[in-house]
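Asks: Okay, handing you the structure first.
The values are calculated or read from the model by the stated rules, or taken from the named source; none is laboratory data. In this text, all values refer to a predicted model and were calculated from it rather than measured experimentally. As a convention, Cβ positions derive from the backbone with ideal geometry for all residues, glycine included, and neighbour counts pool all protein chains shown.
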Amino acid sequence: MRRSEIPRLHGPVIVIVQVGNVNTGACDSVGEVCEVACNMNAWVHVDGAFGLWAATAPARKYLVDGIADADSWATDAHKWLNVPHDSGIAIVRDSDSLRRAMSITAAYYPDPRPKREPMQWGPESSRRARAIEIWAALRSLGTDGVADLIERTCKHAARFAEGFRAAGYEVLNDVVLNQALISFGDDETTERVVHAIQAEGTCW
């Protein structure tokens, strides 16, 4: 996203920036976007489904510069942390905004204010305890373990990209996280190579 191209809008506005595109790993300059957005009283949401975890890795932290100036953030634990699928995390700076957006009210529901009712803070009235697996992963890895996981897999992607280039194939992205986007010349050949790699079984 180019800060100079952001239109000056009036009324309720939300600007969504991306940290770690799922295909390329590309990251918007969040701090620059926040500066523009704040001047028009816009809400800034960070889609960090993949890349928000870069904040834990010293060599990748620069990719998330300025995220503290946003209003809300989302990331997935089921990607880099390898916990079960649908383990998403949403963080909102203003807790009252989150509660008003998500709360379910009806005459037969008790007043939720005396205590924190989980169903008043998310889109589902009931759900499995996804947080347990996330907590267990973070607890077992620790701060250094998460940082190592991010750095190690990013280095793997860079090594893949280097090897593919050396073999004469085209790397379509700037490898900043753990995605290397490769073309084998045309769609048909690329599909054939992907299927062959998966069938061979060394990697998937």
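Asks: Please work out which one of (1) at negative phi; (2) in contact with a helix residue (DSSP H, G or I) (Cβ under 6 Å, 6 or more places away or on another chain) is the condition Pro12 fails and give its number.
Replies: Looking at each condition in turn, Pro12 falls short on (2).
Asks: Quick one: how many residues across region 133-154 are surrounded by fewer than 11 Cβ atoms within 10 Å (Cβ to Cβ) and either under 21 Å from Asp86 (Cα atoms) or free of Cβ contacts under 8 Å to residues at least 60 places away in the same chain (or both)?
Replies: Here the count works out to 4.
Yes or no, residue by residue, for (1) part of a loop (DSSP other than H, G, I, E, B); (2) in contact (Cβ under 8 Å) with a residue 60 or more places away in the chain; (3) more than 20 Å from the chain's Cα centre (by Cα):
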| position | (1), (2), (3) |
| --- | --- |
| Ser4 | no, no, yes |
| Pro7 | yes, no, yes |
| Gln18 | no, no, no |
| Asn23 | yes, yes, no |
| Glu32 | no, no, no |
| Glu35 | no, no, yes |
| Asn41 | yes, no, yes |
| Val44 | no, no, no |
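Asks: So which of Ala70, Ala74 is under 24 Å from Cys154 (Cα atoms) and at pLDDT 95 or above?
Replies: Exactly one of Ala70, Ala74 is under 24 Å from Cys154 (Cα atoms) and at pLDDT 95 or above, namely Ala74.
Asks: Also, I was wondering about something else. With the condition kept exactly as written, say whether any residue in region 124-136 is more than 23 Å from Phe50 (Cα to Cα), out of contact with any helix residue (DSSP H, G or I) (no Cβ under 7 Å at 6 or more places or on another chain), at pLDDT 90 or above and among the acidic types (Asp, Glu).
Replies: Within region 124-136 (the criterion being more than 23 Å from Phe50 (Cα to Cα), out of contact with any helix residue (DSSP H, G or I) (no Cβ under 7 Å at 6 or more places or on another chain), at pLDDT 90 or above and among the acidic types (Asp, Glu)), the answer is no, since none of the residues qualifies.
Asks: Taking region 25-41 only, how many residues are in contact with a Gly (Cβ under 9 Å, 6 or more places away or on another chain), buried (at least 22 other Cβ atoms within 10 Å of the Cβ) and closer than 23 Å to Trp80 by Cβ?
Replies: Total meeting the criteria: 3.
Asks: Restricting attention to region 157-179, which residues are touching a strand residue (DSSP E or B) at 6+ places or on another chain (Cβ under 6 Å) and small (Gly, Ala, Ser)?
Replies: The one that is touching a strand residue (DSSP E or B) at 6+ places or on another chain (Cβ under 6 Å) and small (Gly, Ala, Ser): Ala161.
Asks: Kindly check whether there is at least one residue in region 139-158 that is more than 30 Å from Asp174 (Cβ to Cβ) and in a loop (DSSP other than H, G, I, E, B).
Replies: No, region 139-158 contains no residue that is more than 30 Å from Asp174 (Cβ to Cβ) and in a loop (DSSP other than H, G, I, E, B).
Asks: Another question, then. Among the residues of region 50-87, what is the count of those that are surrounded by fewer than 18 Cβ atoms within 10 Å (Cβ to Cβ) and either assigned to a strand (DSSP E or B) or touching a residue at least 60 places away in the same chain (Cβ under 8 Å) (or both)?
Replies: Total satisfying the criteria: 3.
Asks: I've got another one for you. Quick check: anything in region 101-118 in contact with a helix residue (DSSP H, G or I) (Cβ under 7 Å, 6 or more places away or on another chain), at pLDDT 90 or above and either buried (at least 16 other Cβ atoms within 10 Å of the Cβ) or outside any helix (DSSP H, G or I) (or both)?
Replies: No, there is no match, as no residue in region 101-118 is in contact with a helix residue (DSSP H, G or I) (Cβ under 7 Å, 6 or more places away or on another chain), at pLDDT 90 or above and either buried (at least 16 other Cβ atoms within 10 Å of the Cβ) or outside any helix (DSSP H, G or I) (or both).
So that you can scan it fast, the table gives a plain yes or no per residue for (1) within 22 Å of Ala55 (Cβ to Cβ); (2) among the acidic types (Asp, Glu):
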{"position": "Gly142", "(1), (2)": "yes, no"}
{"position": "Lys155", "(1), (2)": "yes, no"}
{"position": "Phe160", "(1), (2)": "no, no"}
{"position": "Ala166", "(1), (2)": "no, no"}
{"position": "Leu181", "(1), (2)": "no, no"}
{"position": "Asp186", "(1), (2)": "no, yes"}
{"position": "Ala199", "(1), (2)": "no, no"}
